[in-house]
1. So which residues in segment 4-23 are open to solvent by 40 Å² or more (accessible area, probe 1.4 Å) and either within 29 Å of Leu101 (Cβ to Cβ) or over 26 Å from the mean Cα position of the chain (by Cα) (or both), if there are any at all?
2. Could you please find all residues in segment 140-185 being under 30 Å from the mean Cα position of the chain (by Cα), surrounded by fewer than 18 Cβ atoms within 10 Å (Cβ to Cβ) and among the charged types (D, E, K, R)?
3. Using the structure shown, decide if Arg72 is modelled with pLDDT under 95, out of contact with any strand residue (DSSP E or B) (no Cβ under 7 Å at 6 or more places or on another chain) and open to solvent by 50 Å² or more (accessible area, probe 1.4 Å).
4. For the structure I just gave you, tell me whether Ala188 is of a type in the set (Gly, Ala, Ser), at pLDDT 90 or above, part of a helix (DSSP H, G or I) and open to solvent by less than 60 Å² (accessible area, probe 1.4 Å).
5. Within segment 331-356, how many residues are assigned to a helix (DSSP H, G or I) and open to solvent by 60 Å² or more (accessible area, probe 1.4 Å)?
6. Quick one: Ser328 ticks every box in (1) more than 30 Å from Arg211 (Cβ to Cβ); (2) part of a helix (DSSP H, G or I); (3) of a type in the set (Gly, Ala, Ser); (4) without any contact (Cβ under 8 Å) to a residue 12 or more places away in the chain bar one, so which box is it?
7. Exactly one of these conditions fails for Leu67: (1) in a helix (DSSP H, G or I); (2) under 18 Å from Phe292 (Cα atoms). Give me its number.
8. So how many residues does segment 307-319 have that are at pLDDT 95 or above and either open to solvent by 50 Å² or more (accessible area, probe 1.4 Å) or under 25 Å from Lys128 (Cα atoms) (or both)?
Amino acid sequence: MTGKGKSGLFGSPEQVAVERGLAELRAGRPVIVAAGDDTVAALPVDGMTDHGLAGFRHMCAPGRPYLIITARRARSLGLDGAGPTGLAIGDLRDAAAIFSLAADKQVRRPLDEVPAGGAAEAAIALAKLAHRLPALLVGDGRAAGVATSDPSLMIVTADAVAHYRQTAIASLAVASEATIPLNTGFPAKFVVFRDGMGGTPVAIVVGEPDRTRPVLVRLHSACLTGDVFGSRRCDCGDQLRLALPQLAQHGGGIILYLEQEGRGLGLANKMRTYQLQDGGLDTVDANTVLGFDDDERDYGVAVCMLQVLGCTRVRLLTNNPAKLRGLSQAGIDVSGRVPLQGPINSDNQRYLAAKATRAGHKLDHVLGALADAEESARES
């Protein structure tokens with residue numbers, strides 16, 4: 001065995017514990033999260049059943065588990081929300097009712113705040129890494145039932161969670177590559193990477209980009225609904241399809257296809273935001289109701305991919321200034337931005353308007369359409 005902070009043959013014990021802890025959360029099983037003197041057992045409410053809730057209550061007895069949510073979720077419920085917030089659940093034994101406390105737009109039951117504890121932030125971060133809803137039931141991590149659980153619960157430290165993403169990104173390496181003929185007629189090489197988080201981001205190298213000059217690059221977050229099925233409620237698929245001919249026209253370039261569905265929320269949570277948007281919220285407020293930031297993406301993987309490809313001077317094909325800042329702050333020389341203006345339709349207009357007016361995306365054609373609509377409304 002290796003000591004604390006030392007790397008074993010296959011990584012440090014703390015790093016491996018986080019990876020195994022993520023697997024446990026994805027499987028709907030609890031883990032122990034330790035932060036200084038605070039040690040809790042944490043069970044994600046995302047996917048929790050009545051049977052699992054009963055078992056977790058028994059495990060944590062004689063103490064009562066409580067719910068932890070993010071500050072953004074707390075504020076959406078009308079609470080102060082200065083940080084992770086604890087909510088008492090009393091003797092509630094209905095998993096669906098607890099889920100509603102974590103995800104519904106409106107909650108009608110009284111809210112009783114309790115201290116969240118020092119391990120709450122790490123537990124929430126772990127849930128986000130697992131692409132689960134950032135809400136967990138927590139109980140006493142030193143309870144007899146926790147200590148005698150069979151199989152034993154994984155123990156994850158808050159410090160290891162804080163450093164996990166950076167360490168995982170550093171492990172990024174090329175797994176395989178091949179030339180793929182595309183219907184567009186452009187020659188493309190698909191370079192598949194693999195990272196310590198189990199992800200397989202892909203670089204699509206179109207043509208023969210000149211790396212002695214700034215390379216045209218598109219950072220594209222995977223969007224199953226838009227990229228594959230042509231969803232009309234976002235512009236993701238449109239941007240991807242517009243990017244390919246632009247890269248070819250500029251003599252070649254690179255698309256980084258990143259596993260950041262739903263601006264980093266994951267596919268299931270993206271569908272939950274869609275349900276909230278169908279109820280009247282915009283894309284920003286829908287994220288807040290679920291407890292997420294406006295944008296949960298991290299561009300460290302993209303930076304590492306570009307470095308491996310020998311591409312450190314770029315022009316970005318994007319409408320999102322945050323991508324320029326993210327790459328620049330990580331040492332990539334960003335020489336400029338090339339806009340991508342996708343079509344506006346009745347299903348994506350509200351989404352695009354929120355991106356332009358609330359998320360800072362450079363969508364002048366959308367703002368122009370909004371101004372024209374307001375002018376028409378005044379004249380009528």
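1. Of segment 4-23, the ones open to solvent by 40 Å² or more (accessible area, probe 1.4 Å) are 4-7, 9-10, 13-14, 19-20, 23.
Selection gives Lys4, Gly5, Lys6, Ser7, Leu9, Phe10, Arg20, Ala23.
2. Asp159, Glu177
3. Details: modelled with pLDDT under 95: no; out of contact with any strand residue (DSSP E or B) (no Cβ under 7 Å at 6 or more places or on another chain): yes; open to solvent by 50 Å² or more (accessible area, probe 1.4 Å): yes.
Answer is no for this residue.
4. On the way: of a type in the set (Gly, Ala, Ser): yes; at pLDDT 90 or above: yes; part of a helix (DSSP H, G or I): no; open to solvent by less than 60 Å² (accessible area, probe 1.4 Å): yes.
So Ala188 fails the test.
5. Of all residues in segment 331-356, those assigned to a helix (DSSP H, G or I) come to 349-356.
Next, from what is left, pick out any that are open to solvent by 60 Å² or more (accessible area, probe 1.4 Å): 349-350.
Number of matching residues: 2.
6. With respect to (1) more than 30 Å from Arg211 (Cβ to Cβ); (2) part of a helix (DSSP H, G or I); (3) of a type in the set (Gly, Ala, Ser); (4) without any contact (Cβ under 8 Å) to a residue 12 or more places away in the chain, Ser328 is out only on (1).
7. Unmet condition: (1).
8. Here the count works out to 4.
The values are calculated or read from the model by the stated rules, or taken from the named source; none is laboratory data. Computed from a predicted structure; not experimentally measured. Every residue, glycine as well, gets a Cβ built from its backbone with ideal geometry; the counts of neighbours run over all protein chains shown. Accessible surface is based on the protein model in full, side chains and every heavy atom, while ligands, DNA and RNA are left aside. Shrake-Rupley method; radii C 1.70, N 1.55, O 1.52, S 1.80 Å.
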